[in-house]
Amino acid sequence: MNQERRHAPRVEAEGNVPGQLAIDLETHVVQISPNGMMAELEAPVTVESEYEFTLSVDGEDLDLKGVVRNCEPKTLGDSTTLYRVGIEFRSVDEKQQNILTRFVESKLT
């Protein structure tokens, strides 16, 4: 049984949060919380590696840093493999935290 490690609820991003990791890989944000996100990438990344990235949330570009907490393959029906990557945010300032929290709360109501 998996133990829940998140400290905040995570919601579906529903295509509303464009993001780009500072690596040359197509990135799709799947879920987001005030403390982290789940993204799909075309290639695996190393757990515990750190990345800088930009998220566009409610018209605001957030330059963030995060650490990879998990990376699991997901095979699609056409045999393509994507990697679901869990990223914990680091060094989030108060303004960024407020924007993330408001976005998540707006999706929960």
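Go through the range 68-89 and give me each residue that's in contact with an Asp or Glu (Cβ under 7 Å, 6 or more places away or on another chain) and farther than 13 Å from V30 by Cβ.
Of everything in the range 68-89, those that are in contact with an Asp or Glu (Cβ under 7 Å, 6 or more places away or on another chain) and farther than 13 Å from V30 by Cβ turn out to be V68, R69.
Between a residue in the range 64-84 that is closer than 30 Å to N98 by Cα and assigned to a strand (DSSP E or B) and any residue that is modelled with pLDDT under 95 and polar (S, T, N, Q), which pairs come within a Cβ distance under 8 Å, given they are 6 or more apart or on different chains?
From residues that are closer than 30 Å to N98 by Cα and assigned to a strand (DSSP E or B), the pairs are L64/T54; L64/S91; K65/S91; V67/S49; V68/T46; V68/S49; C71/T46.
Going by the structure shown, is S49 of a type in the set (S, T, N, Q) and farther than 16 Å from A8 by Cβ?
Numbers: of a type in the set (S, T, N, Q): yes; farther than 16 Å from A8 by Cβ: yes.
It is true that S49 is of a type in the set (S, T, N, Q) and farther than 16 Å from A8 by Cβ.
Scan the range 45-63 for residues that are touching a residue at least 40 places away in the same chain (Cβ under 8 Å) and either hydroxyl-bearing (S, T, Y) or surrounded by fewer than 15 Cβ atoms within 10 Å (Cβ to Cβ) (or both) and jot them down. Don't jump to the end; show me each part of the working.
Looking only at the range 45-63, we keep the residues that are touching a residue at least 40 places away in the same chain (Cβ under 8 Å), and these are 45, 50, 57-58.
Once the filter is applied, which keeps residues that are touching a residue at least 40 places away in the same chain (Cβ under 8 Å) and either hydroxyl-bearing (S, T, Y) or surrounded by fewer than 15 Cβ atoms within 10 Å (Cβ to Cβ) (or both), the range 45-63 yields E50, D58.
Quick one: how many residues across the range 29-68 are among the β-branched types (V, I, T) and within 24 Å of S106 (Cβ to Cβ)?
Total meeting the criteria: 5.
What about E14, is it modelled with pLDDT of 95 or more, surrounded by fewer than 15 Cβ atoms within 10 Å (Cβ to Cβ), out of contact with any Pro (no Cβ under 7 Å at 6 or more places or on another chain) and acidic (D, E)? Quick ask: steps written out before the conclusion?
Details: modelled with pLDDT of 95 or more: no; surrounded by fewer than 15 Cβ atoms within 10 Å (Cβ to Cβ): yes; out of contact with any Pro (no Cβ under 7 Å at 6 or more places or on another chain): yes; acidic (D, E): yes.
So E14 fails the test.
Assess whether E26 counts as being of a type in the set (D, E) and modelled with pLDDT under 75.
yes
Name every residue in the range 37-63 that is assigned to a loop (DSSP other than H, G, I, E, B), among the acidic types (D, E) and either closer than 17 Å to I99 by Cα or touching a Lys or Arg at 6+ places or on another chain (Cβ under 6 Å) (or both), in order of residue number. Even if it seems obvious, please write down each step before you answer.
Restricting attention to the range 37-63, the residues satisfying the condition of being assigned to a loop (DSSP other than H, G, I, E, B) are 42-49, 58-59.
Subset that is among the acidic types (D, E): 42, 48, 58.
Listed by number, the list holds a single entry, D58.
Might you check whether a residue that is among the β-branched types (V, I, T) and part of a strand (DSSP E or B) occurs anywhere in the range 90-102? Give the derivation first.
The first filter runs over the range 90-102 and keeps only residues among the β-branched types (V, I, T), leaving 92, 99, 101.
Restricting the remaining residues to those that are part of a strand (DSSP E or B) gives none.
Checking the range 90-102: not a single residue is among the β-branched types (V, I, T) and part of a strand (DSSP E or B).
The values are calculated or read from the model by the stated rules, or taken from the named source; none is laboratory data. As the structure is a prediction and not an experimental result, all values here were calculated from the model. FYI the Cβ positions are ideal-geometry reconstructions off the backbone, even for glycines, and counts take in every protein chain you see.
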